[in-house]
Amino acid sequence: MSRLKNRRDFLCSIGAGAGCVALAAQAGASLRSLVPNVSYDAPTTVKLGAPSEFPDGLKFLPDQRLFVFRDGNVFHAISAVCTHLGCTVRAEALPQPEHRTVEGATLRMTHRFQCPCHGSKYTGDGGNVSGPAPRPLAWFHLEVAPDDGQLVVDLAREVGRDFRLTVPLGERV
Ligand code: FES
């Protein structure tokens, strides 16, 4: 009789354990179903076109709110998003290009920036010089896509103002 009871207890505990495991698996699956498999965030890396499509000087890309500058085969990208409240700044051509050393690297500046919302002004390297803007305009990382040679910006990767992308001559520049 005692053997029978032990066996019944044993089988009951196995059944209860299996039930607990099944419940835990079901709860995990339910929680997982609340998390989407797809990210609906905008991608942070964007292909901008072949380097040859960029004129010497500046090209404004409204979709990315980005200025891409070209000096020969050297490129850099500056955000057009004002650091005050996020309006899109406008570029004004300088009467003459200026050469300055910025963070140890030479920069040819062809434009400066002004915000139409509250009048903040920025130098050609994005430095905030007047108005309520609290910070310089962001610079973003550029690279050449290995598959098709297009310029690629990473809008989540800020870089210093000494950043330059040199595209090797002969690579569709
Ligand atoms: S949003 Fe640019 S100065 Fe206010």
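Where a number appears in this text, it was derived from the coordinates with a stated rule and is not lab data. Values in this document were obtained by computation on a predicted structure and should not be read as measured data. Ideal geometry is used to build each Cβ from the backbone, glycine not excepted, and the neighbour counts take in all protein chains shown.
Summary table
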| quantity | calculated |
| --- | --- |
| Calculated from backbone phi, Karplus (6.51, -1.76, 1.60) coupling profile of the stretch 97-103 in Hz, x at Gly/Pro | x, 10, 10, 9, 9, 10, 6 |
| Ratio of Rg to Rh over the stretch 84-147 (Cα coordinates, Kirkwood Rh, two decimals) | 1.03 |
| Å³ per residue enclosed by the Cα convex hull of the stretch 45-173 | 102 Å³ |
| Gain in span if fully extended, K47 to L85, counting 0.36 nm per residue against the direct Cα distance | 11.0 nm |
| Amide N proximity, the stretch 44-87 versus A105 label position 7 Å along Cα-to-Cβ, cut-off under 15 Å | 68-79 |
| Isotropically averaged projected area of the stretch 51-109, using the convex hull of Cα atoms (one quarter of hull area), nm² | 4.9 nm² |
| Two-site FRET efficiency, R135 against D162, from Cβ-Cβ distance with R₀ of 22 Å, rounded to 0.05 | 0.80 |
